[in-house]
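The values are calculated or read from the model by the stated rules, or taken from the named source; none is laboratory data. Everything numeric in this text was worked out from a predicted model, so none of it was measured. Positions of Cβ are generated from backbone atoms using ideal geometry, with glycine treated the same way; all protein chains shown enter the neighbour counts.
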Amino acid sequence: MGDAHGDRTEADEARPPIAWGPEYTDVLEMMGTPLERPGVDPVLARMVGEWDVDGRWQVRTDRPALSMGGRMVNRWILDGRFLESDTFPTATASEPSSKVIYGADRRSEDYFAFAVNALHQQYDIEHGPHDPAADSLLLRGVEIVLPSRREIRFLRTIRFVGPDELQLSITYPEESDEDRLGGLTMSLRRRSEGSSDG
């Protein structure tokens, strides 16, 4: 999964890199894909680990907010090129209720995310920069609301409060107050090695 600093663990390093067959040689050279493991992205590395979740979700401002608990597990996948983030609805749940794949786009020097959850069969694609002044990832996306297929723009903000604390929010800064859109706020604290699931 990675240590508290987001580096690969001994188990990660012991796992052999992706074994591309010789038939892929020309394609890999053409795409500039390194055969050795790439270095991990230093911003995403700070998210690696297991986190306790304390959150609040308000679908609409004229409806009561829901309290959220559970945990989030973030780990490197595909030789450390991407970060997989699973959110579990309770501390003991074995199946995640949502999944996000994060990556760093070397071409545009910003970040992206592919997000899905168990509430519906839609997906969100987000992208945006890391703001060093706020020490935050700012990822913008568009939700498609069915059945009208209206587009609603949102912002996912991940703020690095410290090595053991993150704040994640989803807001709708470009939408009208008349829409009464709520949002999501989550405080995440890194789980200690001895923390219990119960």
Requested in this report: Could you tell me which numbered condition S187 fails, if it satisfies all but one of (1) in contact with an Asp or Glu (Cβ under 9 Å, 6 or more places away or on another chain); (2) without any contact (Cβ under 8 Å) to a residue 24 or more places away in the chain; (3) closer than 17 Å to M72 by Cα?
Outcome: (2)
Requested in this report: Would you mind finding the one in R46, R63 that is in contact with a strand residue (DSSP E or B) (Cβ under 9 Å, 6 or more places away or on another chain) and at pLDDT below 80?
Outcome: R63
**Report entry** Only one of E174, E143 that is part of a strand (DSSP E or B), more than 13 Å from the chain's Cα centre (by Cα) and touching a residue at least 12 places away in the same chain (Cβ under 8 Å)
**Finding:** E143
Query raised in the report: All but one of (1) within 13 Å of the chain's Cα centre (by Cα); (2) closer than 20 Å to R159 by Cα; (3) at pLDDT below 90; (4) not basic (K, R) hold for W57; which doesn't?
Result: (1)
Query - Conditions (1) touching a Pro at 6+ places or on another chain (Cβ under 9 Å); (2) touching a residue at least 40 places away in the same chain (Cβ under 8 Å); (3) among the hydrophobic types (A, V, I, L, M, F, W, C); number of the one not met by L138 - result: (2)
Query raised in the report: Applying the selection to segment 55-101, what residues are exposed (fewer than 14 other Cβ atoms within 10 Å of the Cβ), out of contact with any Asp or Glu (no Cβ under 8 Å at 6 or more places or on another chain) and assigned to a strand (DSSP E or B)?
Result: R60, L66, S67
